[in-house]
Amino acid sequence: MSHQESQKLDNVNPLETRVEDVIERGDNDFLDDNHDQDEHSESSQSHQAVDESDSSEDEVAPRNTIGDVPLEWYKDEKHIGYDIAGRKITKKERRDKLDSFLASADDSKNWRKIYDEYNDEEVELTKEEIKHIRRLLKGKAPHAEFDPYAPYVDWFKWDDAKHPLSNAPEPKRRFIPSKWESKKVVEYVRAIRKGLIKFDQPKEEPRFYRLWGDDSSSADRTKHLAYIPPPKPKLPGHEESYNPSLEYIPTQEEINSYQLMYEEDRPKFIPKKFTSFRSIPAYENAIKDSFERCLDLYLCPRVRKKRINIDPESLKPKLPSRKDLRPYPSTCYLEYRGHEGAVLSISVEPSGQWIASGSKDGTVRIWEVETGRCLRVWEIGEAVQLVAWNPLPELPVLAASVGADVLILNTGFGNEEEQKRVKELLHIGTPTSDDSDDMSSFLSWIQDEKYDCIRLRHYRTVSSIEWHRKGDYLSTVMPAGESRAILIHQLSKRLTQRFPFKLHGLPVSSVFHPTRSIFFVATKKNVRVYDLLRQKLIKKLETQLREVSSIAVHPAGDNLIVGSKEGKLCWFDMDLSSKPYKTLKCHPKDITKVAFHRSYPLFASCSDDCTAYIFHGMVYADLNQNPLIVPLEILRGHTSYDGRGVMDCKFHPRQPWLFTAGADSSIKLYCH
């Protein structure tokens with residue numbers, strides 16, 4: 001039996017349960033009597049019962065005169081209530097269950113007896129009372145002489161009547177239509193047509209309704225002002241007693257410490273002990289407290305607020321654990337040192353064996369990834385802003401941006417056939433320019449004898465270099481608001497073509513699509529997506545940022561991340577919308593570079609705050625499922641120099657490793 005069922009059984013009146021047991025059990029001889037004899041005896045015995053109950057002297061007054069008091073109060077007491085004289089009524093000694101069972105077995109009239117718990121005595125029911133109870137349980141009237149189906153007496157109709165109530169003839173107005181009524185009908189019709197009388201429109205039941213909606217916010221309940229109860233004052237406790245316990249009375253040291261506290265922190269009431277009520281002085285703040293209470297009641301505005309009990313933990317997004325998203329770079333494994341100035345750019349070879357770096361000290365270096373050994377150094381003489389390794393492993397060339405020039409360097413890796421092909425590709429017989437006269441004014445192809453490479457001389461400083469996936473095309477960006485600010489060079493034919501679209505703003509960076517002929521151009525405010533084959537604009541992505549600093553494209557090509565100079569990182573789902581799917585405020589300073597991993601669901605961002613953030617970015621094949629973005633790790637280790645922090649970051653093409661280049665002239669490798 002459950003706890004609730006036991007409580008229900010305890011709340012049942014024992015007198016009622018005993019009566020039901022009496023009726024269900026019954027006396028076999030008494031219940032087996034003939035029904036006709038019962039009806040015959042009911043009429044005679046009922047008159048006697050009525051006559052006996054007419055005398056008030058026979059009625060026995062209850063002995064307990066304390067009123068309707070719960071008997072639970074006397075559960076643990078030896079008495080039950082008080083009599084008229086105020087004396088305690090002691091409880092009778094209750095027999096145990098075995099003795100009561102044996103006594104009931106010997107007593108033939110035990111089934112008639114009911115224990116009155118209120119007066120603490122046993123009451124024996126008479127036959128008449130049992131009959132009344134039995135009739136009530138059957139749904140009948142308690143008295144047998146009561147006829148519930150008495151014949152109806154129509155006092156205004158008499159079959160033997162000689163004269164009707166009125167013998168006057170029917171009036172004429174009952175048969176002729178009323179002219180006054182017809183006039184009123186015409187007036188009503190005219191008023192309805194003119195709009196003077198408007199009918200209440202019937203309520204239209206909504207076709208659809210909320211299955212789990214809340215009815216408390218319906219308009220019907222908000223039409224009237226609901227009563228808002230005033231705030232209840234705090235009830236006095238043990239401290240406000242005139243004779244409190246010793247633990248509530250503060251010592252003199254505690255009272256002195258109260259004086260050193262601020263007034264708002266000081267206790268409002270200090271308990272005191274008095275011998276009697278008469279020795280209690282008047283409360284000095286009684287008028288002030290009552291006045292403030294009155295102000296609270298009629299001046300303090302009260303507003304009904306709908307409280308929603310929501311666990312704050314349930315509002316957090318359900319993200320997977322970082323342990324389940326491994327591997328990802330977390331610790332610094334290797335450090336490459338050799339540059340004397342800030343390392344501005346790094347690039348990883350497609351096989352992941354070597355890494356190239358360009359520094360402010362005017363050198364380009366190639367490092368071995370596993371050992372940290374510097375293999376080759378080019379002394380350029382000017383600050384190297386950008387380096388980019390060709391994505392084709394069989395074409396080991398490196399593009400480096402030095403001011404307004406872009407150098408296509410031969411790294412010297414590969415077999416003899418590859419080196420022969422590279423030398424033929426980087427050899428120009430005579431200095432050439434593009435055939436068109438307008439192109440020769442701002443670009444020229446020059447053979448550099450010092451480094452045995454090709455030098456692409458632009459008319460302005462180059463701010464971005466990006467290789468096409470086939471390795472034959474190279475795009476350069478110059479911060480100018482003209483169409484010639486973005487150029488696409490073909491290395492095999494030594495041709496340069498201008499970007500065939502009008503630029504809306506200063507370009508910052510450009511990226512080729514990993515698999516399709518789509519070109520991304522990032523200006524300071526927006527990112528535009530162009531189709532190079534169809535020669536048209538596909539989409540314009542609104543970043544809603546102050547200034548874009550860098551972009552990176554997901555290997556699948558449908559998602560894009562954009563870093564800004566205000567420390568915000570935007571994730572774009574191009575199939576979803578032209579506005580950011582997620583905007584992450586992760587860095588307190590400018591974001592210098594963002595990067596995606598080729599094979600692992602990882603992307604990173606680096607900033608001038610000397611940190612690099614690693615994120616888990618899973619893109620699902622199901623278009624109905626949004627990308628999953630989870631922050632994983634914050635990589636630290638670089639120091640700030642001249643207000644700059646981490647300048648560039650690149651992922652290893654095969655391993656979940658991250659390379660970072662800092663303004664402290666060091667390159668760090670973070671592994672899992």
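Hey, which of these cross-link pairs are over 29 Å Cα-Cα: 524/582; 420/536; 450/502?
Numbers: 524/582 19 Å; 420/536 39 Å; 450/502 37 Å.
Those over the limit are 420/536; 450/502.
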Completion exercise
Taking a straight Cα-to-Cα line shorter than 23 Å from residue 203, and setting aside same-chain lysines fewer than 8 residues away, one finds 223
Completion exercise
In terms of the charge dipole of region 327-459, which places +1 on Lys and Arg and -1 on Asp and Glu at the beta carbon, the residue among 362, 392, 334 farthest towards the positive end is 334
Exercise for the section: Enumerate the calculated ³J(HN,Hα) couplings along region 538-546 in order (Karplus 6.51 cos²θ - 1.76 cosθ + 1.60, θ = phi - 60°), each rounded to whole Hz, writing x wherever the residue is Gly or Pro. Expected result: 8, 7, 10, 9, 8, 7, 6, 10, 6
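Could you order the peptides 276-282, 649-655 from most to least packed, using the average number of other C-beta atoms within 10 Å per residue?
On the way: 276-282: 7.7, 649-655: 20.1.
Answer by packing, highest mean first, reads 649-655, 276-282.
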Exercise for the section: Could you tell me whether region 354-418 comes out rounded, prolate or oblate from its Cα gyration tensor? Rule is a ≥ b ≥ c as square roots of the eigenvalues, rounded for a/c under 1.5, then prolate if a/b exceeds b/c, otherwise oblate. Expected result: oblate
Practice task
Highest first, please rank the peptides 73-82, 346-355 by the mean number of other Cβ atoms sitting within 10 Å of their residues.
Solution key: 346-355, 73-82
Practice task
For residue 275 paired with residue 582, estimate the spin-label separation in nm (one decimal), with each label point 7 Å from Cα along the Cα-to-Cβ line.
Solution key: 7.7
Completion exercise
For residue 173, placing the label point 7 angstrom along Cα-to-beta-carbon and taking region 185-199, residues whose amide nitrogen sits under 18 Å are 185
Problem - Segment residue 289-residue 314, extension gain: residue separation times 0.36 nm, minus the distance between their alpha carbons - result: 4.7 nm
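Assign one of three labels to region 537-672, namely rounded, prolate or oblate, based on the Cα gyration tensor with a ≥ b ≥ c the square roots of its eigenvalues; rounded applies when a/c is under 1.5, prolate when it is not and a/b is larger than b/c, and oblate otherwise.
Working: a/c = 2.23, a/b = 1.42, b/c = 1.57.
Oblate shape, in that a/c is at least 1.5 and b/c is the bigger or equal ratio.
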Exercise for the section: Could you tell me the accessible area of residue 618 in Å² (1.4 Å probe, neighbours in place), rounded to the nearest ten? Expected result: 60
Exercise for the section: Return the lysines within reach of residue 273: Cα separation strictly under 23 angstrom, same-chain partners fewer than 8 residues apart disregarded; answer none if there are no such residues. Expected result: 234
Completion exercise
FRET efficiency for residue 122 and residue 238 from the Cβ-Cβ distance with R0 = 41 Å, rounded to 0.05, comes out at 0.35
Handout entry: Simple label model, 7 Å out from Cα along Cβ direction - residue 73 to residue 457, nm
Key = 11.1
Exercise for the section: Give the ranking of 183, 273 by solvent-accessible surface, highest area first, calculated with a 1.4 Å probe. Expected result: 183, 273
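Which peptide among 123-136, 88-101, 556-569, 604-617 comes first, and what is the full order, when sorted by highest mean count of other Cβ atoms within 10 Å? Please list the in-between numbers first.
Details: 123-136: 15.7, 88-101: 10.4, 556-569: 20.7, 604-617: 23.6.
Top to bottom by mean Cβ count within 10 Å: 604-617, 556-569, 123-136, 88-101.
Classify region 439-482 as rounded, prolate or oblate from the Cα gyration tensor: take a ≥ b ≥ c as the square roots of its eigenvalues, call it rounded if a/c is under 1.5, otherwise prolate when a/b beats b/c and oblate if not. Mind dumping the intermediate values first?
Details: a/c = 1.97, a/b = 1.14, b/c = 1.73.
The shape class here is oblate.
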Problem - Residue-level accessible surface for residue 147, protein heavy atoms, 1.4 Å, Å² - result: 90
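The values are calculated or read from the model by the stated rules, or taken from the named source; none is laboratory data. Owing to the predicted nature of the structure, the values given are computational and were not obtained by experimental measurement. Note that each Cβ is placed from the backbone with ideal geometry, even for glycine, and that neighbours are counted across all protein chains shown. Accessible surface areas use protein heavy atoms only, side chains included; no ligands, DNA or RNA. Shrake-Rupley method; radii C 1.70, N 1.55, O 1.52, S 1.80 Å.
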